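Quick notes on the structure that follows.
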């Protein structure tokens, strides 16, 4: 929910405190009354005003919010993480019309060290792009026509529908806006990427679902050229906002990696990468997918990163000076045996979030990983988070949870690199916390 003003109570669960619900994402909102969180397992709120937040279950994370609960994280204390300001943020582009009926797309300005919504001063800083600069596509539009328009420097609107793509949409010009309406859905059909960008500054991509196709794609979306780098202008970042990935579920599909970010100074804002645990084409050897997100660029900021059920490391962070505020993960439900799910001969399973050994600077806040191994055999992960032990790589408020003592097996043996207790049936549905690491 973005850029919404709510005067009055906002209830986030139909039946208060009956069962668990899976959380969500707020940004740029004014929630002026009571927010009834109740059974939400986790929630992320960024750059918003909050009247009253009701309670916490496992992981409630606030970034640059006014009126949010203070940090109170740990056994017997609470599950709140409050980061006072967003080091860099940008709201996604949106369609608008003036009093004369003229359509345009508004691109909000980049903000640094921001707190609260970007419109509280009575107006919103940014740039208006006339609709005439946009190529407006439908699912019937050939991808060659889309790419020809993009090569000429036009922006792109993808109207609602499912786009079957025998080749990728290629964004090659700086400051290009790609705006999906109604969550336009992209499906690569030949094992290709669905969308890729050049290493140019200021690209904005928002409002898309990317489904894996019938032929395995090595990568579904690549941001920046094939090697890490690109612009070093922190005032002109590339933005991915409200971009979701599905491997199976809607239809059978396979993809090795969902999202690769090679661009420096990119912002990832509300990214959900999901290897399906139910629906069409689901199975350990059917909807195969190694990794949800790989970050190779430097100075990348991720806000609201949801990555679930991938079969190897679910997030791999290779870039320097990265930041992730809020991470939600469920490990894969369906490893058929421990032998089938080993990251090394001596390491059970795969960490959900891997910061690579070469990284010397990273900050993580409010990050959770849950296990529900449901194949009737005990499956264990040695740790949920894995990182080099160096003073520049820091984590704040980590947790693991074992889900469902009735049907779940195995568990997570430590939170991060052997630190923190285990999550098993013995402490089901209870968070195991690490307040800071190292």
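Expressed in nm to one decimal, what extension gain is obtained for the pair residue 338 and residue 145 from 0.36 nm per residue of sequence separation less their Cα-Cα distance? Each step should come with its number before you reach the end.
On the way: separation 193, 0.36 × 193 = 69.48 nm, distance 4.80 nm.
Separation in residues times 0.36 nm, less the Cα-Cα distance, equals 64.7 nm.
When the chain is modelled as a GNM with alpha-carbon springs shorter than 10 Å, which of 198, 258, 371 fluctuates the most?
Maximum fluctuation in the GNM of the chain, among the listed residues, is at 198.
Using 0.36 nm per residue, how much length does the chain from residue 4 to residue 346 gain when fully extended, once their Cα-Cα distance is taken away?
Taking residue 4 through residue 346 to full extension adds about 118.2 nm, to one decimal.
Work out the FRET efficiency for residue 234 and residue 18 from their Cβ-Cβ distance, taking R0 = 45 Å, and round it to the nearest 0.05.
Values: r = 45 Å, r/R0 = 1.01.
E(calc), rounded to 0.05, equals 0.50.
Find the centroid of the Cα atoms in segment 1-24 and in segment 400-431, then give the distance between the two in whole Å.
So the two Cα centres are separated by 27 Å.
Using the count of nearby Cβ atoms within 10 Å as a rough guide to exposure, how do 89, 138, 422 rank from fewest to most? If you can, show how the numbers build up before the last one.
Values: 89 25, 138 12, 422 16.
Ranked by crowding around the Cβ, least crowded first: 138, 422, 89.
Label points 7 Å out from Cα along the Cβ direction at residue 405 and residue 112: separation in nm?
5.2 nm
Which option, [x] -0.61, -1.21; [y] -0.72, -1.05; [z] -0.54, -1.19, is the value of log10 I(q)/I(0) by the Debye sum over Cα atoms at q = 0.09, 0.13 Å⁻¹ that was calculated from these coordinates?
For log10 I(q)/I(0) by the Debye sum over Cα atoms at q = 0.09, 0.13 Å⁻¹, the calculated option is [z].
Label residue 189 and residue 394 with points 7 Å out from Cα along Cα→Cβ: what is the distance between them in nm?
5.1 nm
Can you say what percent of the DSSP beta bridges in the chain, counting only those with both residues inside, are antiparallel? Round to 5.
On the way: 26 of 139 bridges.
Around 20 percent antiparallel, to the nearest 5.
Starting from 0.36 nm per residue, how many nanometres of slack lie between residue 227 and residue 100 once their C-alpha separation is accounted for? Show your work: numbers first, answer last.
Details: separation 127, 0.36 × 127 = 45.72 nm, distance 4.57 nm.
Residue separation times 0.36 nm, minus the Cα-Cα distance, leaves 41.1 nm.
Tell me the mean residue ellipticity at 222 nm calculated for the chain from its helices only (DSSP H runs of n ≥ 4, each -39500 (n - 2.57), averaged over every residue, nearest 500).
Numbers: 1 runs with 9 residues, N = 438.
The helix-only estimate for the chain comes to -500 deg cm²/dmol at 222 nm.
Pairs of Cα atoms under 8 Å, at least six residues apart: use those to get the relative contact order of the chain, whole percent. Don't skip to the end; give the middle numbers.
Working: 1381 pairs, mean separation 34.8, N = 438.
About 8 percent, as a whole number.
For segment 48-102, what's the relative contact order in percent, using C-alpha pairs closer than 8 Å and at least 6 residues apart? Could you put the intermediate results ahead of the total?
Working: 66 pairs, mean separation 16.5, N = 55.
Computed value for segment 48-102: 30 percent relative contact order.
Can you sort 18, 2 from fewest to most other Cβ atoms within 10 Å of each residue's own Cβ? Intermediate results must be reported in sequence, preceding the final value.
Details: 18 10, 2 19.
The most exposed by this proxy come first: 18, 2.
Build a GNM of the chain with springs between Cα atoms under 10 Å: which of 98, 14, 270 gets the top mean-square fluctuation?
Of 98, 14, 270, the most mobile in the Gaussian network model is 98.
Please report how far the C-alpha centroid of segment 115-172 lies from that of segment 234-254, rounded to the nearest whole angstrom.
What the calculation gives is 15 Å, centre to centre.
For the chain, modelled as a Gaussian network with Cα springs under 10 Å, which listed residue fluctuates most, 195, 220, 398?
Greatest mean-square fluctuation among the candidates belongs to 195.
Taking other Cβ within 10 Å of each residue's Cβ, how do 389, 238, 291 sort, fewest first? Write out the running numbers ahead of the final one.
Working: 389 11, 238 31, 291 24.
Neighbour counts put them in this order, fewest first: 389, 291, 238.
Values quoted throughout were computed directly from the atomic coordinates according to the rules given, and no laboratory measurement underlies them. Note that the structure is predicted; figures quoted are calculated from it, not measured. Virtual Cβ from ideal backbone geometry, glycine too; neighbours counted across all protein chains shown.
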